[in-house]
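Structure first, then comments.
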Amino acid sequence: MTAQEVRLCGLLLQEHFGEVVERIGTHLLRGGAQNLRTIANETNTPLDLVKKSLCVLVQHGACEFGSGRRGPGSPVEYRANCERVLRVLRYPRYIYTAKTLYGDTGELIVEEVLQRGHMTLSNTVKTVADRLTHNMEEGRSMEYSEVVSAFSKLVETHFLQRCPLVAEMGTAASSTTPATPSTPAAPASTAPPTAESNPDCYKLPHVTLIGRGKRRRSSDDSEEQRGGKKAKMDSESCGDEGIYWQVNFERFHQHFRDQAVISAVASKLDQTSSEIVRTMLRMSEVTTTQTAAYTQPLSANEIFRSLPPNYSISRPILDQYLSLLVDDPMEFVGKSGDSGGGMYVVNLQRALANLARATLESVVQERFGSRSARIFRLLLRKRHLEQKQVEDFAMIPAKEAKDMLYTLLKSLRLLTTPLHVPSTCTLSTSCLLPAYCYNTATRRLLEKSQRIEAILASLQASGAEPEQLTEVEEMITAPERQQLEALRHHINKLDSTENQVDETVFLLESYIFSTKTK
């Protein structure tokens with residue numbers, strides 16, 4: 001865990017959960033596993049606030065807990081999960097993917113589950129139905145059954161899964177109780193189970209949900225009334241009490257990887273080739289694990305029958321496309337047999353390696369210039385070269401080549417390991433670039449915060465109170481309106497940059513992960 005990662009985690013926790021949760025989370029990231037009283041003493045935070053902060057972190061999977069290092073009977077210790085906190089950066093991408101695949105209903109389901117950490121099916125359906133009804137025309141409402149249908153599709157394709165069962169410390173593994181958001185301090189074993197270890201992790205419970213969403217009336221509902229209605233809704237028995245659902249991040253990451261492969265094939269070849277690869281990935285999406293190097297073998301006949309109807313290509317044309325994909329130097333598609341007209345697989349590991357290489361070349365060119373990128377590509381291709389050979393092959397003067405090599409060595413540690421293995425240079429550089437990306441994301445969050453503080457200070461200096469702005473919008477002067485528009489523009493650009501940085505991080509981390517599991 002680098003200093004950039006810890007700092008970025010702190011900013012994300014502060015932005016989404018507040019200063020107290022940020023203080024506790026950052027302390028755990030830096031100090032490692034600690035018990036409740038140690039956290040309270042070292043952070044100088046009241047015990048009650050520490051418990052609430054840990055409850056929030058556990059609710060969102062950003063904190064794990066288990067028996068202490070002294071063994072059974074010792075105080076429960078808490079340890080922060082840096083990787084889980086950093087996934088907050090990817091929330092917009094998860095939500096947008098759900099919207100693309102399953103429409104507005106799927107989008108709101110994933111959004112609600114991400115915001116709450118985990119929810120029951122019944123509460124999710126009622127909340128999403130109410131939100132959709134509120135945005136509909138007067139007199140229309142959303143049926144619960146439609147939301148249940150979208151929820152079941154997300155579970156069927158493994159984008160949602162049941163939360164893992166947490167075994168109580170000192171009891172048998174079979175005696176388990178579901179993790180609930182109310183008590184984060186419940187003890188657990190040192191090796192917490194995963195959702196996949198539960199055979200029913202993708203099995204929907206039988207729920208009795210009949211009705212429609214209700215339109216909110218904020219004008220005549222006080223906070224107390226709304227709180228009472230929510231408590232009443234939560235207390236209604238629907239048959240799924242204690243069964244909580246969470247977002248399956250690995251399944252989303254698998255979808256992102258597949259989309260990157262499809263886009264690369266479309267850029268390198270054509271749209272029809274990418275649609276063939278898309279069909280192969282779709283047929284294997286549930287049966288192929290995240291660590292698999294290849295998809296399951298598929299015959300040409302199976303691929304032909306599964307192609308979308310609008311791609312009316314004949315079987316001989318499909319065979320030609322498959323041969324073209326197999327013979328392509330990128331090696332995205334491989335052939336694993338000749339039965340049934342040929343068995344084909346998507347080479348996921350090779351695809352990630354090529355995508356990571358293209359990303360690294362792009363980063364080097366953007367940061368160090370086209371000549372440095374030429375040297376970098378040359379080293380990737382030739383594996384190892386002496387300085388004189390670099391000068392000759394790259395056709396760059398000796399002094400410039402020496403300076404560029406030193407810059408690449410200093411910035412990317414390009415030559416710190418022997419390059420006898422073809423992927424060593426790519427791997428060593430890929431391991432370093434995420435730190436630069438996290439540092440960039442940190443700067444973007446800081447810039448966003450500073451811009452918001454600046455515009456608020458400007459508005460306050462003009463005599464406008466924050467609560468008055470929504471009521472008397474016409475009182476804002478023309479220069480202040482220009483400042484607000486500029487703020488919105490800059491924040492949109494910062495948000496877009498955050499997403500682009502995260503896409504780069506995801507691609508490089510996927511490649512590193514694939515090399516470790518090879």
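Values quoted throughout were computed directly from the atomic coordinates according to the rules given, and no laboratory measurement underlies them. Small disclaimer: the values here were computed from a predicted structure and weren't measured. Please note: Cβ atoms are built from the backbone with ideal geometry, for glycine as well, and neighbour counts cover all protein chains shown.
Observations on the structure shown:
- Computed extension gain for ASP327 through ALA358, at 0.36 nm per residue and net of the alpha carbon distance, reaches 9.2 nm.
- Cβ-Cβ FRET estimate between SER263 and ILE210, R0 fixed at 45 Å, reported to 0.05: 0.55
- Length added when fully stretched, THR291-LEU49, from 0.36 nm per residue minus Cα-Cα: 83.2 nm
- Computed over region 46-154, the quotient of the alpha carbon radius of gyration and 2.2 N^0.38 Å is 1.39.
- Rounded if a/c under 1.5, otherwise prolate or oblate - region 235-310, Cα gyration tensor axes: prolate
- All other residues whose Cβ lies under 15 angstrom from that of PRO308 are scored, Lys and Arg at +1 and Asp and Glu at -1, for a net of +1.
- Global geometry of region 267-306, whether rounded, prolate or oblate, following the gyration tensor of its Cα atoms and the 1.5 cut on a/c: oblate
- Debye-formula intensities of region 1-84, expressed as log10 I(q)/I(0) at q = 0.13, 0.19, 0.20, 0.27 Å⁻¹, are -0.36, -0.77, -0.85, -1.45 (one equal scatterer per alpha-carbon, no solvent).
- Here's the picture: charge each Lys and Arg Cβ at +1 and each Asp and Glu Cβ at -1 in region 81-159, and of GLN115, ASN81, SER141 the one pushed furthest to the positive end of that dipole is ASN81.
- Ratio Rg/Rh [Cα only; Rh per Kirkwood] for region 279-344: 0.95
- Where only alpha carbons of region 241-358 are counted, the Rg and the Dmax (Å): 15.1, 55
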